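**Student:** Please find one structure pasted underneath; my questions will follow.
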Amino acid sequence: MQEKKLPQLVKGTRDFDAAQILKRSYLFDHIRQVYQSYGFTPLETPALEYISTLLGNYGTDGEQLIFRILNSGDFLAEVTDPTAYTNYKALLPQIADKGLRYDLTVPLMRYVATHHHELVFPFKRYQIQPVWRADRPQKGRYREFYQCDADVVGTSSLLIEAEILSMVHEVLARLGITQFTIGLNHRAILNGIVTLMGEGDRVNEFCIVIDKLDKVGKEKVIQELITKGFASTALEKFSFIFDLQGSNQHKLQQLSEHLADSDLGLQGVQEIQQILRRVDAMGISDKNISIEPSLARGLSYYTGTVFEVKLQAVDIGSVAGGGRYDNFAAAFGLTEMTGVGLSFGVDRLYVAMESLGLFPQETCISTQVMVTNLDEEAEKIALSIIPQLRKNGLSVELYPEPANLKKQLSYANKKLIPFVVMIGEEEKQADQFRLKDMHTGAQTLHTQQELISFLCGA
């Protein structure tokens, strides 16, 4: 008989055990609480979107990573051009008109366009859901992962950018992360630079290339730009953006001087100055904020401020990012509907928290109290007290079958259950319960009411 192969996990996806889920929930809960404290309300959108909705927003490289879904039924029935069978790019639109969402921003704008008559603007929403990318799986890069987005649509006020920077500070502070840098830039600065180079119509192409800076380094970025036809003399003149040092004010002053002939570039500098003034008014030091004029973020829909958050103690790339997009909604029939958003990447945050030992031990506790099951009479007593403990907000489980005490305590220990209630012959005779603190090993006797009072206060 042929041995059956074990089923395999799809590459780039993961199973999460109880401990991982509880730790991820810890991150989700803190991020959600901060978002809600700033007036954001929740939204969920479907995993599926029409390909026509997704295309035109991520650039050529990004669109190649969209997971496409075959049409239902006889998907070949709709293919009318026989030559399409020899060209997959021509065939795809005819057999797959839907795809898995690539991010949460495009679905948001599709939602706003669909429901704009019902919404109150500015519309502030947060969204915590998975996204999918047909990327090549590798360490730290998955095909399915969660994003935690907060976006404001319908206002051009720079107060929103300041509040988003404040939210970053607050989320990381709640998680115990103090060493981080928020790289801050403005697409208008990059637009001004590219225009002064004489390549004003190639801004997105320029941004996509310099977005690779962290991965390939300055020299390879410049070489790729030259290969794509950007003049080496012009690149040399503006290569200062890769090496600008000093305080934020010094960097802004340098940018103002280099962009003196670009009204658009100077507008970007001025808007960053206004954001920093608001951040200062909120009582937040800019010591964790760094003006990075080479920061582009590769997605083509960004038009204003852009930012990325990196941790200093763990080299895992950015853990959050975002920016302003002024013309995004136009693709969905809405003009002058500007938006700005923030997205935390939970997977990288998780790795950082694990590396820094920042998850509290109690995060992994799903059961607070276990009651032993030594015999039928003990089980009956346990079943009478467990509902009382649960009514008082405790998570409690009864060991499911009579077994020796050592085995039951071992089970509780492996599950990190902090307290075990034992009902043996001595306890039954005294009409009491023996409580064992699994952390210290201490054991104490309690009446039923004393037990409930003690555990609820523990």
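**Student:** If each DSSP helix of 4+ residues adds -39,500 (n - 2.57) and the sum is divided by the residues in the chain, what number results at 222 nm, nearest 500 deg cm²/dmol?
**Tutor:** That comes out to -12000 deg cm²/dmol.
**Student:** Could you line up THR335, THR45, THR195 from fewest to most neighbouring Cβ atoms inside 10 Å?
**Tutor:** THR335, THR45, THR195
**Student:** Additional query: What is the range 240-294 by shape, rounded, prolate or oblate, if you read a ≥ b ≥ c off the alpha carbon gyration tensor as root eigenvalues and call it rounded for a/c under 1.5, prolate for a/b larger than b/c, and oblate otherwise?
**Tutor:** Taking the square roots of the gyration eigenvalues as a ≥ b ≥ c, the range 240-294 is oblate.
**Student:** Something else now. Please provide three numbers in whole Å: the alpha-carbon extents of the range 162-252 along the principal axes, with the largest listed first.
**Tutor:** 47, 24, 24
**Student:** Starting from the Cα gyration tensor of the range 365-457, take the square roots of the eigenvalues, sort them a ≥ b ≥ c, and report rounded, prolate or oblate (rounded when a/c is under 1.5, otherwise prolate if a/b is larger than b/c, else oblate).
**Tutor:** rounded
**Student:** Next up: Going down the table (LYS218/LYS287; LYS414/LYS436; LYS215/LYS310; LYS407/LYS428; LYS11/LYS415), which pairs top 23 Å between alpha carbons?
**Tutor:** LYS218/LYS287; LYS11/LYS415
**Student:** Order these by the 10 Å Cβ neighbour count, fewest first: ILE291, ILE222.
**Tutor:** Neighbour counts put them in this order, fewest first: ILE222, ILE291.
**Student:** Rounded, prolate or oblate: which fits the range 202-350 when a ≥ b ≥ c are the square roots of the eigenvalues of the alpha-carbon gyration tensor, with rounded for a/c under 1.5 and prolate only if a/b beats b/c?
**Tutor:** Here the range 202-350 falls in the rounded category.
**Student:** Let me ask another. With Cβ to Cβ distances under 14 Å as the rule, what net charge do the other residues near TYR102 carry (K, R +1; D, E -1)?
**Tutor:** Net of charged neighbours comes to -1.
Each value in this text was obtained by applying a stated rule to the coordinates, not by laboratory testing. Everything numeric in this text was worked out from a predicted model, so none of it was measured. Cβ atoms come from the backbone with ideal geometry, glycine included; neighbour counts cover every protein chain shown.
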